[in-house]
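Here the structure comes first, spelled out in structure tokens, and everything after it is commentary.
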Amino acid sequence: MFKIIHAQFLAPGIKRFVIEAPRIARKQKPGQFVILRIYEEGERIPVTIENSDPEKGTINIVVQAAGKTTTLLNSLETGDSILDVVGPLGKPSEIANYGTVVVVGGGVGTAMAYPTAAALKRAGNRVISIVGARNKELVILEPEMRGVSDAVMITTDDGSYADKGFVTDKLRQLIQNGTRIDLVVAVGPIVMMKAVSELTRRENIHTVVSLNPIMIDGTGMCGGCRVMIDGKSEFACVDGPEFDGHKVNFEVLVQRNAMYRTAEQLSMEEFKRSREADHACQATSPEMQGAQR
Amino acid sequence: MTTTAKKSLNPLSPKERIKVPRQLMPEQDACERAHTFTEVNLGYSAELAQQEALRCLECAKPTCTDNCPVGIDVKEFVQRIVIGDFLGAAAKIREANVLPAVTGRVCPQEDQCEGKCLLSKKVKPLGIGYLERFVADYEQRMGTQVVPKVEPTGKKVAIVGSGPSGLTVAGDLIQKGHKVRVFEALHEIGGVLVYGIPEFRLPKQIVREQIDYMRAMGVEFETDVVVGRTVTIDELIEEEGYDAVFIGTGAGLPQFMNIPGEHLNGVYSANEFLTRINLMKAYKFPAYDEPMLDLHGKDVAVIGGGNTALDAIRSALRLGARKAYVIYRRSDAEMPARAEEVHHAQQEGIDFQMLTAPVEFLSDGKGWLTAARCVRMELGEPDASGRRRPVPKEGSEFDLPLSVAVIAIGTSANPIVQSTTPGLDTNKRGYIQASEETQRTTRKGVFAGGDIVTGSATVILAMGAGRRAATSIHEYLTTGVW
């Protein structure tokens with residue numbers, strides 16, 4: 001069992017958990033992730049590590065509610081526990097002094113981009129961060145990103161905060177202004193990473209993206225997370241999750257991530273129904289609460 | 001301990017013993033079991049077991065024991081069954097084997113103990129596996145497993161991986177008084193016994209009971225630890241004070257065929273397919289959250305001819321598959337799967353497409369599998385494995401309509417431990433180098449065994465390596481000599 005020391009919403013549907021996991025906290029490096037399982041009948045899902053504190057033995061994870069497991073996870077509070085947390089998994093980001101690095105974080109992907117940006121800054125790079133979100137409320141970790149970047153640009157799809165548009169608009173501007181860019185790191189929705197990679201391919205700027213396929217064990221054993229890189233299968237959990245964005249087949253990633261869509265929808269509907277039943281139950285007979293999960 | 005001097009407790013003469021027929025294993029009906037995950041073999045009754053035990057010829061030089069990777073004293077435990085001392089028989093097995101209820105179910109006895117049984121020269125061999133299973137289950141039902149008390153040595157051993165080899169090392173070393181802690185990457189203890197072998201061949205409750213027994217003996221388990229990532233071998237030795245480490249991380253990464261269409265939705269590795277079913281209980285979706293593709297009324301094929309392939313396809317059948325094929329590029333004679341499993345699969349209606357290999361997976365244009373394009377093969381000259389090499393027959397291409405294809409053609413070494421442990425040498429295929437007698441690696445105090453040394457093999461061979469490692473670790477811990 002892994003205890004939640006602190007839980008706090010960063011934005012609607014996006015929650016940060018500080019979890020007691022001393023072994024993982026000691027070893028975590030930027031770019032890595034954990035796999036967790038909330039309860040006995042639960043599935044295993046990969047989740048971003050935003051930060052860790054080796055002294056206190058805690059890790060921070062940031063979770064956006066999408067399906068049943070993430071919704072359930074986001075209903076957990078300080079003091080609750082998570083049954084299994086394993087990691088840190090995946091290869092760490094390759095940190096070096098590249099010169100000028102643009103770090104792009106889209107939505108909840110900003111949580112994974114942040115530790116990489118911080119490490120790149122510490123390694124002596126000039127870090128320009130671009131943070132994108134659908135709207136003002138969903139912009140996360142702005143102060144943190146500002147703390148580790150030489151410049152921060154923010155875009156919202158609807159223009160409710162900062163500049164209206166997409167992260168690629170900002171990246172294009174930087175390129176057009178003649179900014180010398182040695183590396184782009186992009187973490188976020190697949191469409192965003194694909195758009196960034198297409199833009200930088202034309203400019204011949206090395207680009208690293210962090211992929212998020214479906215996983216089970218996270219140790220290379222199952223092969224479920226295979227992605228197409230330069231026409232060949234690689235396993236995101238052991239060979240990644242970071243890959244050369246110019247070599248990634250994003251269509252295959254989108255297609256494979258949709259493999260269980262029907263099941264996921266069914267699972268979510270059942271979950272919602274049981275929650276409603278729970279609420280009805282609690283309203284009528286409080287003694288029944290113990291029987292409900 | 002030898003028993004040759006003892007008077008036989010068997011009332012039958014050798015001639016009479018040969019006349020007793022081998023007692024059949026009671027099985028669940030093939031039509032019924034093809035739709036459920038309950039165990040196929042039902043196990044001997046005490047009467048059947050005693051009847052079968054009477055057949056043992058009590059050879060002066062028992063070849064069965066010589067051919068057992070863990071060296072079980074077969075003759076002695078079978079004699080105890082003859083006289084009705086089932087718990088005594090179980091205790092005898094436990095001297096050599098910490099997982100008798102598991103091996104009694106999944107060992108390829110026909111290639112080992114039973115393969116060399118003297119009876120098989122004239123009649124069918126003694127049902128050693130069935131007898132082992134009977135006494136292990138009997139002991140479990142009685143709940144009277146004796147937990148041996150031993151003087152602690154003060155030495156600590158870390159075991160990486162809780163599969164058959166790791167559990168064997170743990171069971172042997174705890175009985176020698178060493179402190180033992182097993183680290184497991186997954187959330188459940190048992191390795192391939194829980195993620196790989198399906199319920200109908202090895203009920204998970206059996207595995208849990210065997211592990212509970214090891215807990216009672218004092219073995220500590222820590223799940224959710226990926227050694228190499230969560231903690232390294234060096235940290236276990238230098239910071240956590242372990243005097244020795246055993247690496248039993250298992251078979252590793254699934255291999256693919258590198259043919260077009262392998263990334264399509266509906267194409268699984270056997271490891272993923274079986275892990276979803278066995279470990280994650282995806283067949284109980286939505287009561288369990290992990291999903292898998294609905295196989296009801298679908299055509300499913302497995303590619304490969306080993307036990308894993310059969311486990312996968314028989315699982316698919318139980319999950320409602322309409323047609324369930326085994327596609328294997330060689331012929332029956334070369335199939336590595338156990339004879340009993342092939343027989344069971346045939347009874348259940350699995351369609352074996354022998355001398356056939358897929359060359360491409362075809363899609364509906366939206367990323368979903370619709371068929372496997374296959375070619376028929378014929379056997380040519382023997383290859384490096386000594387088996388005749390399959391050669392494609394010209395013009396034999398055909399398309400087999402499929403919704404799901406499961407690739408079970410083997411695994412390659414998982415690099416996580418090797419790549420994070422300086423000084424630990426590997427062979428050119430990436431497996432850890434370890435002595436065949438002592439399981440010692442090129443790092444002082446570090447031992448390895450099972451599939452991470454040999455490549456994919458069987459549960460019992462991994463357990464054999466575990467036994468050798470345990471002996472060698474004990475020697476190292478008591479003498480300090482590397």
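The values are calculated or read from the model by the stated rules, or taken from the named source; none is laboratory data. Worth saying up front: this structure is predicted, and the values here are computed from it rather than measured. Backbone-built Cβ (ideal geometry, glycine too); neighbour counts: all protein chains shown. With ligands, DNA and RNA removed, areas are computed over all heavy atoms of the protein, side chains included. Shrake-Rupley method; radii C 1.70, N 1.55, O 1.52, S 1.80 Å.
Look at A:Met259 and say whether it is outside any helix (DSSP H, G or I), touching a residue at least 24 places away in the same chain (Cβ under 8 Å), within 14 Å of chain B (Cβ to nearest Cβ) and open to solvent by 20 Å² or more (accessible area, probe 1.4 Å). The answer is no for A:Met259.
Considering segment B:212-227, and only residues there that are within 19 Å of B:Lys176 (Cβ to Cβ) and crowded, with 17+ Cβ neighbours inside 10 Å, the residue that is farthest from the other protein chains (Cβ to nearest Cβ) turns out to be B:Met217.
Residues that are of a type in the set (D, E, K, R) and within 9 Å of another protein chain (Cβ to nearest Cβ) within segment B:269-298 comprise B:Glu272, B:Arg276, B:Lys281, B:Lys284, B:Asp289, B:Glu290, B:Asp294, listed in sequence order.
Of the residues that make up segment A:22-38, is at least one within 30 Å of A:Lys272 (Cβ to Cβ) and open to solvent by 30 Å² or more (accessible area, probe 1.4 Å)? No: zero hits. Residue count for segment B:161-182 satisfying the condition of being buried (at least 24 other Cβ atoms within 10 Å of the Cβ) and part of a strand (DSSP E or B): 2. Whether a residue is within 10 Å of chain A (Cβ to nearest Cβ) and open to solvent by less than 10 Å² (accessible area, probe 1.4 Å) was assessed, and B:Thr230 passes this test. Quick check on my filter: what residues within segment B:322-334 are assigned to a loop (DSSP other than H, G, I, E, B) and buried (at least 24 other Cβ atoms within 10 Å of the Cβ)? Residues satisfying the conditions are B:Tyr328, B:Arg329.
The single condition from (1) over 17 Å from the mean Cα position of the chain (by Cα); (2) within 14 Å of chain B (Cβ to nearest Cβ); (3) open to solvent by less than 10 Å² (accessible area, probe 1.4 Å) that A:Thr200 fails is (2).
Within segment B:192-245, being in a loop (DSSP other than H, G, I, E, B), within 27 Å of A:Gln28 (Cα to Cα) and in contact with a helix residue (DSSP H, G or I) (Cβ under 8 Å, 6 or more places away or on another chain) holds for B:Val225, B:Val226, B:Gly228, B:Arg229, B:Thr230, B:Tyr242, B:Asp243.
Residues that are in contact (Cβ under 8 Å) with a residue 40 or more places away in the chain and either more than 7 Å from chain A (Cβ to nearest Cβ) or charged (D, E, K, R) (or both) within segment B:253-268 comprise B:Gln255, B:Met257, B:Ile259, B:Pro260, B:Gly261, B:Glu262, B:Leu264, B:Gly266, B:Val267, B:Tyr268, listed in sequence order.
Residues that are at the interface with chain B (Cβ under 7 Å from one of its Cβ atoms) and over 18 Å from the mean Cα position of the chain (by Cα) were ranked within segment A:22-36; the one that is nearest to A:Ser210 (Cα to Cα) is A:Lys27. Between B:Thr38, B:Thr65, which is assigned to a helix (DSSP H, G or I) and of a type in the set (Ser, Thr, Tyr)? Answer to the selection: B:Thr65.
For segment A:217-244, a residue qualifies if it is over 20 Å from the mean Cα position of the chain (by Cα), assigned to a loop (DSSP other than H, G, I, E, B) and more than 9 Å from chain B (Cβ to nearest Cβ), and the qualifying residues are A:Asp230, A:Gly231.
Does A:Lys247 fit the bill of being closer than 30 Å to B:Ala251 by Cβ, open to solvent by 10 Å² or more (accessible area, probe 1.4 Å) and facing another protein chain (nearest Cβ under 10 Å)? Answer is no for this residue. Scan segment A:137-151 and give yes if some residue there is among the polar types (S, T, N, Q), under 25 Å from A:Gln28 (Cβ atoms) and open to solvent by 10 Å² or more (accessible area, probe 1.4 Å), otherwise no. Yes, there is a match, as at least one residue in segment A:137-151 is among the polar types (S, T, N, Q), under 25 Å from A:Gln28 (Cβ atoms) and open to solvent by 10 Å² or more (accessible area, probe 1.4 Å).
Mind telling me which of the residues A:Tyr98, A:Tyr39 ends up being in contact (Cβ under 8 Å) with a residue 60 or more places away in the chain, among the aromatic types (Phe, Trp, Tyr), more than 12 Å from every other protein chain (Cβ to nearest Cβ) and not in a strand (DSSP E or B)?
Numbers: A:Tyr39 fails: more than 12 Å from every other protein chain (Cβ to nearest Cβ).
Criteria check complete, one pass: A:Tyr98.
Pairs, please: C-beta under 6 Å, at least 6 apart or cross-chain, first residue under 18 Å from B:Glu32 (Cβ atoms) and among the small types (Gly, Ala, Ser) and in segment B:316-343, second part of a strand (DSSP E or B) and modelled with pLDDT of 95 or more? Here the result reads B:Ala316/B:Val300; B:Ala316/B:Ala324; B:Ala321/B:Val300; B:Ala324/B:Val300, each pair linking segment B:316-343 to a residue that is part of a strand (DSSP E or B) and modelled with pLDDT of 95 or more.
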